[in-house]
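The values are calculated or read from the model by the stated rules, or taken from the named source; none is laboratory data. Predicted, not measured: the structure shown is a model, and the values here were computed from it. Here Cβ is always computed from backbone atoms with ideal geometry, including for glycine, and neighbour counts include all displayed protein chains. All accessible areas refer to the heavy atoms of the entire protein, side chains included, with ligands and DNA or RNA removed. Shrake-Rupley method; radii C 1.70, N 1.55, O 1.52, S 1.80 Å.
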Amino acid sequence: MKSIPTPQLIKVANTALELVDASDRSNTLWEEFLRLQLKPSTRREYGKAINYFCQAMATEKAPAIFLPEFLELPKKNAILLVLEWRQRMINQGKSSATINQRLSALKSLVEYARRCEACSFSLSEIKSLKGQPYKNTRGVPVENYREVLGWVDRTTDLGRRDYGILRLLWDNALRREEIVTLDLSDYLPKEGRLMVLGKGQIDQQSIDLNPQVIEALDEWVTFRAGLYFSPKDGSDCDSAMFISCNGRRLSGTDVFRILKSYADLAEVQISPHRVRHSAITAYLDASDGNIRVAQSLSRHKDPRTLAIYDDSRHQLQRRATKELGDLLDSL
């Protein structure tokens, strides 16, 4: 009989960006740039990306001092500095997706500064790296994820919270950022629906929930109302669907840690996005490759993305190389 541990209480750390100092007027442009980003997740990721750049290239200077100096550089010097940063990330083994995301954030900031006449150059000449998205889309078998869920103790308050999160990751193939931006008002239990702010969207989408997810969310919402750490001050945290033990809205990192705590117990290597891959692939297996419905589940704009999942599911490349080898050896 396995012993199910009490879920760890996830405390949300201060998310203030060290680059921003309200007493330093040189950061006004930086603060304005972040405020223009529509989604909190975009502000957070852009903030981290610019910090990575400043910390990597500022040597002994503080990031808040380095950024204005960078924006005042001549175009040639600025481009050479960014190219050096890109090469450093390549040498560190960062993925093309990570490098491109960080470059995009820096390019956006520089373009905003140029429009504000705070710098005289553009980074448009620096191209993104070519990469293959979704290199491994198979994820893990449903049996493995069932084992992960088996470690959740639904008799505890946070166990109920975690179970709801883990079911949304699988049953609706939600991204972790889609989960942490959910408000209580986004859940419509009588209609069996959830309003989700999808990737790159400014308007919410309505998705249907199955009875198991509705039951899980009902359990959590009921207990959330009576929790001693549940915020009741009318703040954004008060409206959040999923909160931490200090009453703060969970972050994407918190969702990763919650999943990892149970996955480690089940000895399964998995991340929130790999759960999404696993769920989509499992549906394609169960539906004999119904890409049209899988696109509705995943909410991918381009159906060709689902074709990548289907190719991975059938392991077409492995079959092709085996058949070529057999042809050669049969001669």
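Within a Cβ distance under 14 Å of PRO211, other residues only, what is the Lys/Arg minus Asp/Glu net charge?
Numbers: positive: ARG167, LYS190, ARG193; negative: ASP171, GLU191, ASP208, GLU215, ASP218, GLU219.
Within the 14 Å Cβ shell, the charges total -3.
Let me know the shape class of the stretch 244-297, please: from the alpha-carbon gyration tensor, a ≥ b ≥ c as square roots of the eigenvalues, rounded when a/c is under 1.5, otherwise prolate if a/b is greater than b/c, or oblate.
On the way: a/c = 4.25, a/b = 1.87, b/c = 2.27.
It comes out oblate by the Cα gyration axes.
Rounded, prolate or oblate: which fits the stretch 143-182, taking a ≥ b ≥ c as square roots of the Cα gyration tensor eigenvalues, rounded meaning a/c under 1.5, else prolate when a/b beats b/c?
oblate
What pairs in LYS130/LYS260; LYS48/LYS127; LYS48/LYS76; LYS39/LYS76; LYS76/LYS127; LYS127/LYS260 have C-alpha atoms more than 27 Å from each other?
Long pairs (Cα-Cα over 27 Å): LYS130/LYS260; LYS39/LYS76; LYS127/LYS260.
Any idea what the relative contact order of the stretch 71-190 is, in percent, if you count C-alpha pairs under 8 Å spaced at least 6 apart?
Dividing the mean separation by the residue count of the stretch 71-190 yields 20 percent.
Under the Karplus relation 6.51 cos²θ - 1.76 cosθ + 1.60, θ = phi - 60°, what is the ordered set of whole-Hz ³J(HN,Hα) values for the stretch 167-174, x standing for Gly and Pro?
Using θ = phi - 60°, the values come out as 5, 5, 4, 8, 5, 10, 6, 6 Hz.
So how strong a dipole does the stretch 47-91 carry about its Cα centre when Lys and Arg Cβ are +1 and Asp and Glu Cβ are -1, to the nearest 20 debye? Working shown, then result.
Details: 6 positive and 4 negative charges, 38 e Å.
It works out to roughly 180 debye.
Starting from the 7 Å offset along Cα-to-Cβ, what nm value, one decimal, do you get for the label separation of ARG292 and LYS190?
3.3
Tell me, what % of the accessible area of the stretch 60-126 is carbon and sulfur with a 1.4 angstrom probe?
Answer for the stretch 60-126: carbon and sulfur cover 49 percent of the accessible area.
Compute the label zone of SER124 within the stretch 50-84: residues whose backbone N is under 20 Å from the point 7 Å along Cα-to-Cβ.
71-83
At 0.36 nm per residue, and after removing the present C-alpha to C-alpha distance, how many nm does the segment from ASP171 to GLU72 gain when stretched out fully?
On the way: separation 99, 0.36 × 99 = 35.64 nm, distance 4.99 nm.
Full-extension gain reported as 30.6 nm.
Can you run phi through the Karplus equation (6.51, -1.76, 1.60; θ = phi - 60°) for the stretch 109-118 and list ³J(HN,Hα) in whole Hz, with x for Gly and Pro?
For the stretch 109-118, the Karplus curve yields 5, 5, 5, 5, 5, 5, 5, 8, 6, 9 Hz.
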